[in-house]
Amino acid sequence: MDKKSLATPMLVVILLILFVILCNPIAMVGVGERGVKVTLGMVSPTSYTEGIHLITPFISKIKTMDVKTQKIYIQTPVYTKDIQQANISYVINFNLQPENVHKMYREVGMTYKDTVLMPVVEGTIKDVIGKWNAQDLVANREIATREILDKLVKQLAPRYINVTGFQMTEIKYSDVFERAIESKVTAEQEALKAKNKTVQIQEEARQKVISAEAEARSMAIRANALTQNKALVQYEAVQKWDGKMPQYMLGGSMPFINIK
């Protein structure tokens, strides 16, 4: 085989390699991503799944967007119902809806976190927190958290974002208000302690009255019985006798009950 016959296939291979390098007709969508094909400024009607995809060089390109679950830690200032300022620290879990990535790209673009997600999140937090008084919010954090999560899910689903979790990690008030809450809680605890002590004293007094009334009734019954039955008087005396006969100054002793 002469050199001329070998040069032609080699030239074809070289040109093909140059074409692939310069024109790049292959696009790759990575794991946890979806691709959006843009052809002469027009967005494809579907999202491209993971893998290798062919495109027309210089005419089409594929933009990739992350659809894995993402987590954002952030803090935002809010006001409670009683006009107390608080800084709410929270974490939110979310992901783009894989089947609607092309719609998000067409309607919003790559900056959807700043233009769609965060405005809705902060607006919802302020709306819910604004329904609670500051001290009540601390005691009902979980209720407020669930309400925020439910609202975020409903509001962001039509905007191609799935919210899978939301948690308030800290509610921070001013130092002055924090001290006021601590003082109030301490005062309430002391008041409750005093109330419990009062109840205890009242109960002890009531028990004494009940006991005294029972004793009085018992004595009345016994007195009435003794009046009606003289033999019972002697029986009571015998019950209390220590076994010694009464002594008299004239000497001798005499029984103190009638033994006839």
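Structure summary
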{"item": "Some residue of the stretch 113-132 being among the polar types (S, T, N, Q) and touching a Leu at 6+ places or on another chain (Cβ under 8 Å)", "result": "yes"}
{"item": "Close pairs from the stretch 156-167: first over 12 Å from Arg146 (Cα atoms) and in contact (Cβ under 8 Å) with a residue 24 or more places away in the chain, partner of a type in the set (A, V, I, L, M) and part of a strand (DSSP E or B), Cβ under 6 Å, at least 6 apart", "result": "Leu156/Val163"}
{"item": "Residue within the stretch 107-121 that is in a loop (DSSP other than H, G, I, E, B), over 15 Å from Tyr160 (Cβ atoms) and modelled with pLDDT under 95 present", "result": "no"}
{"item": "Some residue of the stretch 145-161 being outside any helix (DSSP H, G or I), of a type in the set (Phe, Trp, Tyr) and under 22 Å from Lys37 (Cβ atoms)", "result": "yes"}
{"item": "Residue in the stretch 149-167 that is surrounded by 15 or more Cβ atoms within 10 Å (Cβ to Cβ), of a type in the set (A, V, I, L, M, F, W, C) and over 30 Å from Thr49 (Cβ atoms) present", "result": "no"}
{"item": "Any chance Ala139 is free of Cβ contacts under 8 Å to residues at least 40 places away in the same chain and either out of contact with any His (no Cβ under 7 Å at 6 or more places or on another chain) or charged (D, E, K, R) (or both)", "result": "yes"}
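Okay, residues lined up against (1) within 21 Å of Tyr160 (Cα to Cα); (2) under 18 Å from the mean Cα position of the chain (by Cα); (3) not assigned by TED's automatic domain parsing to the domain that holds Gln155:
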residue	(1), (2), (3)
Thr56	no, no, yes
Tyr79	no, no, no
Gln84	no, no, no
Pro98	yes, no, no
Tyr105	yes, no, no
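The values are calculated or read from the model by the stated rules, or taken from the named source; none is laboratory data. Model, not experiment: these values are computed from the prediction. Cβ sites come from the backbone with ideal geometry, for glycine too, and all protein chains shown count toward neighbours.
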